[in-house]
Structures are given as C-alpha cells and as structure tokens.
Amino acid sequence: MKIISIANQKGGCGKTTTAINLAATLAFNDQKILLIDLDPQAHATLGLNVDDQNSLYNCISKLTPHKLKIKDIIKKVSKSFDIVPSNVLVGTLEQELADEIGRELKLTEAINEIKDLYDYILIDCPPSLGFLTVNAIRASDEIVVPVETSRFSMQGVDHLMDIANLIRERLNHPVEAKVLITMFDSRLQHSFTMLGKMKEKFSGMLFDTIVHTNVKLKEAAVMGEAVIKYDKYCRGSKDYLSLAREILSVNRPVAPPEEASQGYAPSERMQELVERETKEFLSSTAFVLKAPQAQSVYLTGSFNDWSLDENCRMTSKEGVWSLNLDLKPGVYRYQFIVDGKWQQDPSNASTERNSFGDINSVIEVKA
C-alpha cells in the first residue's frame, strides 16, 4: 500500500486535475483507490460531483459537535475508487490545532484506521505549505509535484522540497518526491525551453510521462467526471494512463521466475508469434529531414495525437535527421519540431492547412 500526496504551493498547475485523474486511472488498472480531498476549496470533491456536509474536519477537530471516523465519511465514486470529501471547515483546523502537541500526525492517525483497505491512497493538498500540507507529507510515502512549464511553478517545487527535507530531519520521516510536467503545450517554443531547464534542474526526479494541454480535461471537470470516463481515447486519458502505469511499474513487485512457468507470462514462442502477426499489419515508414544546424528534432503528428515524447525524437547523422515508425495503413498529418519551432516537411509536396493557420504535411501509408 502506498500513500501519495499531490502537492505544489502554486495554484493553477494541474494539481487537482492530476489527483482526480491519476486516482481514476489507477482504479482503471484494477487498484483499490482512496482520494482524500485535503483542500478547503474542495475542488476534487466538486470535480467528481460529490456533495456531502461531512469532511476530515469531523474526524480531526475536537470542537465539532458531529464527531466521525474517516470510514464514516468515505464516498464511492466508482467500483474501485472512493473519496474523502472536503469543505471549507477543513481550513479552520490549522488555527484550532496550532498549539496542540503532535498536530502534524493528525492525518496519519486518521488514515491508519483504513489504509489496509486500499492499494493506493492519494491526497490532494491545498495550494499552500501550512498545517494541512505538512500533515499530508508526513502521512505519505511519496510526493507527486505537478509543474507547469513556468518559472514560478519551478520555484514552488523548491519550497516544497524544503518542507520535505524539514520533515525528514525533524520528524524522521523520509519521503520521495517526483516532478510531473503538466499543461505542456507542444505548439509553443517556450514550452520546449522550459522543458530543457526542468530536465536539467530536476534530473533524476522527473516522470517520463508528460501531461499535455488537452481541452477534454477541462470538459471532464465541468461534467464532474474523470477524463477516462468522459473520453477514454483522448490525449488527457492517454497521458494519465501512462502516468498510472509508470507508477505501477515502479511499485508493483516483479513476479518470481517460477510463476512464469505456471502461466503468468507468455512463452517465448507465443511472444514471437504475436510480434510476427502484429508486424504484418504495420508498414515501416521513414521520415527524413535535412537540418545540419539543428540541436534537436522531433516528429509529431496524428499517429501519436500530436504529442511530444522520446519515442519521436529523431536521430542525426551528418546533419540528416531520421526516424522510422511502424504505422498502420491510412492517411497521417505530421510536422517536425526543430529546436522548438514547428515546420512542415520540405521534401513532401502533399500538404494541408490546419486550424492554427500553418501547414501540415500529409502522408498516406499503404498496406
């Protein structure tokens, strides 16, 4: 069982969006999930259309006339996904417990009652570094820090790491922090500039997954749903599914060798057959760009939902950049991203204008 806080003192960086959609995609991967809304603004509660008068205030406060245990306020979102809702009263706990000894352990004590019921407990922290966030970090094994591609968001990570180090030193509770790049707009050169700075600054702390800007994430929040329920095939769903699987791949134990022989893993012969049959439906397609002055070139298009990832980084040989992709038969639109700038393929005369006013190159892959 893992407890993960999603925190950044800077607002507007996709913190609650990440909390909701990571919880939903972990549940989609057959994990039993509890999301604790620790933000007095209750955005996660509202974002899942949960309406309840009770919150963690009723579990932790000594002044409430309606004292409850955390199991009494849990609400079901879906089959494997529960939530502890929040409300504005949660914000009064900091003042109420300001002088109490052991106040930083209040959330840990509440969670201990139910933690064995879940595979993952996620905590959506408020956009501050006060009493509530300290309680969340103290209760957690890991911190996920959503960071948009801006300088201010990067500073928020520094302040959060100071708090994590303080908890490690004074409370003897080590916690691992990882940075998640969110709201990434691959149409902007500024995004690539900041991505390079973040890779340099947070080397070893970054998730491989990048969450791209996607209107479906906002539409899903308006509808009170996780994006995987609203539109399972959109870019937002794919990004958060990738993040969930990245977390699971780190935390899930590897099956011992004897389990493979009992049917838990396919045989080598079966893997060869699957690979051979799959490749019969794909065509190896070469993309080439002559750009001797370029420092980095990516290929993006309708074949990967216009995303940016390392699988589409092109390699250079004497100034000629190339990449081979196995594609199904069909028509694809694409562009190159050269040092952060988008451009069409100069060697391909087949083009069409897109909704942004620039030109996509078009290629047809035949069977």
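The values are calculated or read from the model by the stated rules, or taken from the named source; none is laboratory data. Note that the structure is a prediction, hence the values are computed from the model and not measured. Positions of Cβ are generated from backbone atoms using ideal geometry, with glycine treated the same way; all protein chains shown enter the neighbour counts.
Residue check: is Phe192 touching a residue at least 60 places away in the same chain (Cβ under 8 Å) and over 13 Å from the mean Cα position of the chain (by Cα)? Judged against the criteria, Phe192 is a match.
Kindly evaluate Glu280 against the criterion of being surrounded by fewer than 15 Cβ atoms within 10 Å (Cβ to Cβ), acidic (Asp, Glu) and at pLDDT below 85.
Details: surrounded by fewer than 15 Cβ atoms within 10 Å (Cβ to Cβ): yes; acidic (Asp, Glu): yes; at pLDDT below 85: yes.
In short, yes.
Looking at this structure, is Ser140 crowded, with 24+ Cβ neighbours inside 10 Å and not hydrophobic (A, V, I, L, M, F, W, C)?
Numbers: crowded, with 24+ Cβ neighbours inside 10 Å: yes; not hydrophobic (A, V, I, L, M, F, W, C): yes.
Answer is yes for this residue.
When Tyr120, Tyr57 are checked against the criterion of being within 25 Å of the chain's Cα centre (by Cα) and aromatic (Phe, Trp, Tyr), a single residue qualifies: Tyr120.
Might you check whether a residue that is surrounded by fewer than 16 Cβ atoms within 10 Å (Cβ to Cβ) and of a type in the set (A, V, I, L, M, F, W, C) occurs anywhere in region 189-204? Reasoning before the result, please.
Going residue by residue through region 189-204, those that are surrounded by fewer than 16 Cβ atoms within 10 Å (Cβ to Cβ) are 189-190, 193, 196-197, 199-201, 203-204.
Narrowing further to those that are of a type in the set (A, V, I, L, M, F, W, C): none.
Among the residues of region 189-204, not one is surrounded by fewer than 16 Cβ atoms within 10 Å (Cβ to Cβ) and of a type in the set (A, V, I, L, M, F, W, C), which makes the answer no.
Residues of region 320-367 that are polar (S, T, N, Q) and under 23 Å from Ser283 (Cα atoms): Ser322, Asn324, Gln335, Gln344, Ser347, Asn348, Ser350, Thr351, Asn360, Ser361. Of the set (1) buried (at least 24 other Cβ atoms within 10 Å of the Cβ); (2) more than 21 Å from Thr92 (Cβ to Cβ), all apply to Ala7 but (2). For Arg170, the conditions (1) surrounded by fewer than 21 Cβ atoms within 10 Å (Cβ to Cβ); (2) touching a helix residue (DSSP H, G or I) at 6+ places or on another chain (Cβ under 6 Å) are fulfilled apart from (2). Filtering region 1-34 to residues that are assigned to a strand (DSSP E or B) and over 11 Å from the mean Cα position of the chain (by Cα) leaves Lys2, Ile3, Ile4, Ser5, Ile33, Leu34. For Glu275, the criteria (1) modelled with pLDDT of 85 or more; (2) part of a helix (DSSP H, G or I) hold in every case but one, which is (1). In summary, strands (runs of 3 or more DSSP E) completely within region 286-367 and bearing 2 or more residues that are more than 22 Å from Ile210 (Cβ to Cβ) and either touching a residue at least 24 places away in the same chain (Cβ under 8 Å) or not assigned by TED's automatic domain parsing to the domain that holds Tyr233 (or both) occur at 315-317, 320-327, 330-338, 351-353, 359-365.
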